[in-house]
Amino acid sequence: MPSWLLITNATIVDGAGNPPVSGASVLVKDELISDVGPHVGRSLVPRGEELTEIDATGKTLMPGLIDAHCHMTYGESRSEEEIDLYTSPELRTLKAAFNAQKVLRAGVTGISQPGGSYYIGVGLREAIKDGIVQGPRMTAAGRYITTSNGLTDWFPDSVGVPEGSIGVLHNNVDGMINEVRHQVKNGVDLIKLADSPFGQYQSFTDDEMKIVADLAHQLGKKVTIHARGSAEVDAAVRAGIDWIMHGNIMDDGTIGRLAESGTPLVPTLLLLSNAGDFGHLVGAPEPLREGMKRMLDRTGDAMTRARQAGVKFALGTDSGFSLTPYGVWHARELELLMDYAGLTSVEAIQAGTSNGALMLGLDGKVGVVAPGMIADLIIVNGDPVKDIRVLQRRECIETVIQGGAVVVFDEEKVARSWPHERGIGYSVGDLTYDVVYGGLDPADPVSAAESDGVQVHDLRTSEEANDLVSALSHRETGARHID
Ligand SMILES: [Zn+2]
């Protein structure tokens with residue numbers, strides 16, 4: 001017997017970019033939306049069939065968010081070493097499963113993982129699909145394919161790219177082809193290429209990109225790329241890569257070709273912005289914060305021009321770092337798309353919903369409130385068109401509907417975070433002779449650290465000033481319980 005869900009009298013923001021419609025109702029039959037509009041009501045449900053009814057008067061009904069850049073295997077890491085070296089695959093998998101429910105609780109009903117360690121993403125995707133694990137609908141890449149000049153080959157050659165790494169190193173086409181074949185055999189939905197870390201140069205050759213993209217497509221899979229600079233964005237468009245991550249530094253020519261190709265861009269502003277705006281609250285090093293801020297400013301310039309040229313944006317957050325914990329900041333990306341790319345709130349919601357369907361392998365099937373679409377929906381207590389930030393407040397995400405079913409959460413669990421796995425750090429500055437004897441107050445490690453170029457002002461209240469370590473760990477504990 002079919003089961004029905006009726007949501008009445010909502011303001012609908014459809015995710016397709018249309019203006020909001022108030023006083024409308026939505027009827028869901030099993031997994032799919034069956035009807036939408038002011039005429040929809042109980043009378044459309046056959047007598048005797050199971051019906052759940054939700055009165056959404058004064059509330060907004062919209063598609064669940066789709067985060068096309070969410071790394072479930074990172075485990076809220078504080079360092080690249082933590083991502084690549086520490087934490088066994090077994091524990092990493094279990095943590096990813098735990099964290100998936102937090103992402104869903106935030107109203108994110110779909111994610112794509114563009115790279116992660118082992119095949120954890122593939123396993124997690126299947127476990128979510130089978131109902132073993134509570135989490136968003138998901139697609140996953142395997143390890144990023146990189147070269148010696150790309151992102152994820154962090155360590156010296158004497159160490160190499162370890163097995164647990166999120167990347168896998170191939171400096172020639174044969175290796176790349178071999179890798180694509182293995183990854184596809186092991187169940188990935190997409191291939192992730194890792195070009196230069198900061199857009200300094202194009203690290204893959206045109207041929208390498210094209211061969212990988214063509215083979216992935218031939219095998220029925222998608223391809224995306226970490227591409228921050230004009231050269232690699234251009235090459236990615238030429239190679240037919242399905243969507244592009246970042247695009248921070250693009251000249252007008254590149255932007256024009258990107259717009260013309262229709263290839264969506266997932267700018268992923270959140271990590272840059274969180275580091276620049278809030279990193280000081282959790283001890284992010286100043287050079288990193290400043291670097292991210294500068295990158296964000298340049299990105300804002302590129303995004304504004306990209307928007308004017310008609311580039312299609314999708315929501316991505318790089319969630320999974322300690323600066324972008326799961327289930328907390330996903331919707332902030334929408335605010336950033338408005339601030340930095342000039343999108344309207346309706347356009348930002350479209351970027352965060354229907355524009356992400358492609359990355360879920362469900363283009364045209366999810367992300368819009370319309371008949372025939374998969375019923376991944378959220379009911380929001382507030383008006384995100386007027387104030388997009390309501391989507392960042394967990395208490396405003398009143399109801400999460402996944403595949404036509406209202407999701408029940410363990411609220412205590414979704415508020416929980418893990419302590420970080422390993423951090424072998426000894427100090428935030430160097431204990432030089434001058435720090436000890438150069439006229440600085442040795443009882444005030446804060447001033448000592450500042451003299452060494454480390455800004456720790458914001459890490460403390462004045463009472464905590466004489467114990468930097470306790471101030472830091474206090475902040476860390478606080479940061480783990482954001483709610
Ligand atoms: Zn990423």
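Checked against (1) within 30 Å of E80 (Cα to Cα); (2) in contact (Cβ under 8 Å) with a residue 12 or more places away in the chain; (3) not acidic (D, E), A375 meets all criteria but (1).
Report yes if T344 is closer than 14 Å to V13 by Cα, surrounded by fewer than 18 Cβ atoms within 10 Å (Cβ to Cβ) and polar (S, T, N, Q), otherwise no. Judged against the criteria, T344 is a match. Of the strands (runs of 3 or more DSSP E) lying entirely inside the stretch 154-271, the ones with 2 or more residues being touching a residue at least 60 places away in the same chain (Cβ under 8 Å) and assigned by TED's automatic domain parsing to the domain that holds R294 are found at 190-194, 222-229, 243-249. Scanning the stretch 314-331 for residues being away from the ligand (no atom under 16 Å from the Cβ) and in contact with a helix residue (DSSP H, G or I) (Cβ under 6 Å, 6 or more places away or on another chain) gives a total of 2. For the stretch 298-306, check the following and say yes or no: at least one residue is over 29 Å from W418 (Cα atoms), within 16 Å of the ligand (Cβ to nearest atom) and in contact with a strand residue (DSSP E or B) (Cβ under 6 Å, 6 or more places away or on another chain). Among the residues of the stretch 298-306, at least one is over 29 Å from W418 (Cα atoms), within 16 Å of the ligand (Cβ to nearest atom) and in contact with a strand residue (DSSP E or B) (Cβ under 6 Å, 6 or more places away or on another chain), which makes the answer yes. The criterion of being within 20 Å of K102 (Cβ to Cβ), at pLDDT below 95 and either crowded, with 18+ Cβ neighbours inside 10 Å or not assigned by TED's automatic domain parsing to the domain that holds L343 (or both) holds for R394. The single condition among (1) closer than 18 Å to V400 by Cβ; (2) part of a helix (DSSP H, G or I) that L94 does not meet is (1). Take the residues in the stretch 286-301 that are farther than 12 Å from N274 by Cα and of a type in the set (K, R), then tell me which one is surrounded by the fewest Cβ atoms within 10 Å (Cβ to Cβ). Checked the stretch 286-301; the qualifying residue surrounded by the fewest Cβ atoms within 10 Å (Cβ to Cβ) is R294.
Going by the conditions given, is G115 away from the ligand (no atom under 16 Å from the Cβ) and either modelled with pLDDT of 95 or more or not aromatic (F, W, Y) (or both)?
Values: away from the ligand (no atom under 16 Å from the Cβ): no; either modelled with pLDDT of 95 or more or not aromatic (F, W, Y) (or both): yes.
No; evaluated as a whole, the condition is false for this residue.
Considering T93, T87, T139, which residue is in contact with a strand residue (DSSP E or B) (Cβ under 7 Å, 6 or more places away or on another chain) and assigned by TED's automatic domain parsing to the domain that holds G356?
Numbers: T93 fails: in contact with a strand residue (DSSP E or B) (Cβ under 7 Å, 6 or more places away or on another chain); T87 fails: in contact with a strand residue (DSSP E or B) (Cβ under 7 Å, 6 or more places away or on another chain).
Result: T139 is the single residue among T93, T87, T139 that is in contact with a strand residue (DSSP E or B) (Cβ under 7 Å, 6 or more places away or on another chain) and assigned by TED's automatic domain parsing to the domain that holds G356.
For the stretch 337-384, taking the residues that are of a type in the set (G, A, S) and part of a helix (DSSP H, G or I), the one that is farthest from M295 (Cα to Cα) is identified as S354. Here's a check for you: in the stretch 28-76, which residue that is touching a helix residue (DSSP H, G or I) at 6+ places or on another chain (Cβ under 9 Å) and aliphatic (A, V, I, L, M) is farthest from the ligand (Cβ to nearest atom)? Filtering first and then ranking leaves L51.
Could you check the stretch 118-151 and list, in sequence order, the residues that are within 22 Å of E208 (Cα to Cα) and either more than 16 Å from the ligand (Cβ to nearest atom) or in a strand (DSSP E or B) (or both)? Steps first, answer last, please.
Taking the stretch 118-151 as the starting set, the residues that turn out to be within 22 Å of E208 (Cα to Cα) are 140-151.
Answer for the stretch 118-151, where residues must be within 22 Å of E208 (Cα to Cα) and either more than 16 Å from the ligand (Cβ to nearest atom) or in a strand (DSSP E or B) (or both): A140, A141, Y144, I145, T146, T147, S148, N149.
The values are calculated or read from the model by the stated rules, or taken from the named source; none is laboratory data. Quick caveat, the model's predicted, so the values are computed rather than measured. In this analysis, Cβ positions are derived from the backbone assuming ideal geometry, glycine residues included, and neighbour counts consider all displayed protein chains.
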